[in-house]
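Shown next, in structure tokens, is the structure this report addresses.
The values are calculated or read from the model by the stated rules, or taken from the named source; none is laboratory data. For clarity, every value in this text was computed on a predicted model and none was experimentally measured. Glycine also receives a Cβ, built like all others from the backbone with ideal geometry; neighbour counts cover every protein chain displayed.
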Amino acid sequence: MGAPIKIIQNWADVKADMIIDVRSPAEFEIDHIPGATNMPVLNNSERAEIGTMYKQISAFHARRYGGAIVARNISKHILAYLQDKSAKFRPIIYCWRGGQRSNSFAQICSDIGWQTYVLDGGYKAYRKGVLTDLETKAPSIKLVLISGPTGTGKTRLLKEIRQNGGQILDLEALANHRGSLLGLRPGEKQPTQKYFESLLLHAIKKLKSDETVFVEAESSKIGEIQIPKHFFNLMKTAPLIEISMPLEKRAQFLVKEYKYLQTHTEALFKLFDAMFFRHGEDKTNVWRELAENKSWYKLAIELICSHYDPAYKSSSMRKLRKAECTIQIDIDNGTTFEQAADFIVKKYKTKLL
């Protein structure tokens with residue numbers, strides 16, 4: 001007789017040693033529980049092959065063939081990843097609907113002697129819970145927005161706020177994007193929309209409900225990621241702190257922050273192509289020439305004055321309301337990110353909104 005297999009409704013209620021997602025890699029990439037490990041019982045091609053067999057031959061033939069592949073793949077995973085687990089190992093296992101794939105893996109874990117948890121309803125139930133929680137939990141957060149034009153170091157300020165004991169939500173880090181046309185590093189990609197929402201909810205659940213949460217003011221999209229409407233509605237009504245910085249300091253900051261683009265000019269030129277219809281041939285050719293000549297400071301000034309500042313002045317987030325206060329960061333004149341963060345945390349950390 002094997003160890004118990006328990007059906008659970010909420011994965012977060014169980015203290016487990018590992019969350020195992022047994023769906024195919026393609027399913028896993030679209031979305032999964034943050035922190036889960038993918039151990040597919042059927043890979044992408046195997047899943048497609050068995051699905052075709054199910055439709056074109058019969059359910060029996062598909063199950064017979066699929067059962068052998070599933071058993072083989074589970075064996076490989078246990079040998080490769082679970083051989084060091086003790087008798088006290090406790091995994092949570094889920095598949096698409098909490099059906100055959102998760103139960104097959106769970107049964108073998110049970111036979112080994114590991115108490116195993118299977119998520120009732122699988123990923124489908126988990127996804128429904130994410131959407132419900134984002135709708136109900138987001139409105140209860142006490143947000144304060146950090147706003148300011150490109151190059152004023154808002155992300156750096158957020159990190160300093162966290163160092164000073166403030167709570168932050170770094171939406172750009174969750175979306176793996178800096179929030180502008182230059183915001184995606186060459187060779188990297190953003191998470192899917194669904195996985196971003198999983199990551200956002202996961203971060204929200206870690207917050208203290210009685211303290212302010214500081215977040216950078218964003219448009220409704222970060223790269224290709226859409227901020228969920230209930231959270232964005234909260235952002236549109238939250239108090240706003242505006243950060244300013246002298247133009248030359250912003251340009252220097254951009255040159256330092258976007259250093260990776262200086263070694264990936266082909267990626268930079270593709271971004272200029274994307275800006276062509278807005279700014280025209282003459283302007284984008286000037287930017288190309290500056291990049292080719294490695295005139296990074298002049299290019300930063302050009303982009304700030306011609307692209308970023310006009311976009312910021314016309315942004316809907318900025319037009320919605322006035323800033324509660326404006327803080328100018330100018331290190332040469334004594335105002336540092338650390339000082340700004342200290343002021344913000346003391347003023348807003350426990351403010352009731």
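Side notes on the structure shown:
- For the stretch 172-229, a residue qualifies if it is part of a loop (DSSP other than H, G, I, E, B), touching an Asp or Glu at 6+ places or on another chain (Cβ under 7 Å) and of a type in the set (G, A, S), and exactly one does: G179.
- Of all positions in the stretch 332-341, at least one carries a residue that is at pLDDT below 90 and in a helix (DSSP H, G or I).
- Tally of residues being among the hydroxyl-bearing types (S, T, Y) and either outside the structural domain of F232 (by TED's automatic domain parsing) or at pLDDT below 85 (or both) across the stretch 287-311: 0
- Residues being touching a residue at least 24 places away in the same chain (Cβ under 8 Å) and part of a helix (DSSP H, G or I) - total across the stretch 14-33: 3
- Residue list for the stretch 160-180, restricted to those being of a type outside the set (D, E) and either touching a His at 6+ places or on another chain (Cβ under 6 Å) or surrounded by fewer than 18 Cβ atoms within 10 Å (Cβ to Cβ) (or both): R162, Q163, N164, G165, A173
- For the stretch 283-306, residues that are of a type outside the set (A, V, I, L, M, F, W, C) and touching a residue at least 60 places away in the same chain (Cβ under 8 Å) total 0.
- Check on T284, modelled with pLDDT of 85 or more and not in a helix (DSSP H, G or I): no
- Scanning the stretch 116-135 for residues that are crowded, with 17+ Cβ neighbours inside 10 Å, over 17 Å from S24 (Cα atoms), touching an Asp or Glu at 6+ places or on another chain (Cβ under 9 Å) and not β-branched (V, I, T) returns a single hit, L134.
- Some residue of the stretch 80-99 being small (G, A, S), within 11 Å of M39 (Cβ to Cβ) and not in a loop (DSSP other than H, G, I, E, B): yes
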